[in-house]
Amino acid sequence: KRSDALDALVKEGHSAHATRSDALEALVKEGLDVHAKRSEELDSRLKEGLATNGKRVDDLEASLNEGFAIESKRLDELGASQEEAALALAALSKRLGELEARPTAT
């Protein structure tokens, strides 16, 4: 009888171990599935973030290029204005020289 009781305990232990092993295996599979899903979500969010960031960089670059073009145009206009001013000053200087060269009536 003792042997039967021990056999029954061993079988019960094996059964409990198998049940526990199955439960642990199910938990591991569930954990792996959750991990895989989170990994996919993070990967998707990372790709989305990189795309958004890339678009922002492109927008900033376009804005910067537009700003450079505007400033370049302003500098060209300023250069033309300076040339006009220099020509006007030269003409005034020439006219002043002509006026100073004229004999004055006393």
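The values are calculated or read from the model by the stated rules, or taken from the named source; none is laboratory data. If you're wondering where the values come from, they're calculated on a predicted model, not measured in any experiment. Keep in mind that these areas ignore ligands, DNA and RNA; they rest on the heavy atoms of the full protein, side chains included. Shrake-Rupley method; radii C 1.70, N 1.55, O 1.52, S 1.80 Å.
Overall, the accessible surface of segment 51-106 at a probe of 1.4 angstrom is composed of carbon and sulfur to the extent of 59 percent. Could you check which residue among Lys29, Lys11, Lys47 shows the biggest mean-square fluctuation in a GNM of the chain with a 10 Å Cα cutoff? Residue with maximal mean-square fluctuation among Lys29, Lys11, Lys47: Lys11. Let me know the number of lysine pairs in the chain closer than 16 Å at the Cα, not counting same-chain pairs under 8 apart. For the chain, qualifying lysine pairs total 4. Evaluated on segment 58-106, the Kirkwood hydrodynamic radius is 14.1 Å, with distances taken between all distinct Cα atoms.
In the chain, the convex hull through the Cα atoms has an average projected area of 12.8 nm², a quarter of its surface area. For the chain, find the longest principal axis of its Cα atoms and tell me its angle to the long axis of helix 2-101, 0 to 90°, nearest 10. Once rounded, the angle reads 0 degrees. Excluding ligands, DNA and RNA, the accessible surface per residue across segment 24-80 is 92 Å² with a 1.4 Å probe. Working from the Cα coordinates of segment 1-48, the gyration tensor eigenvalues give, after taking √(5λ), semi-axes of 46, 4, 4 Å in decreasing order.
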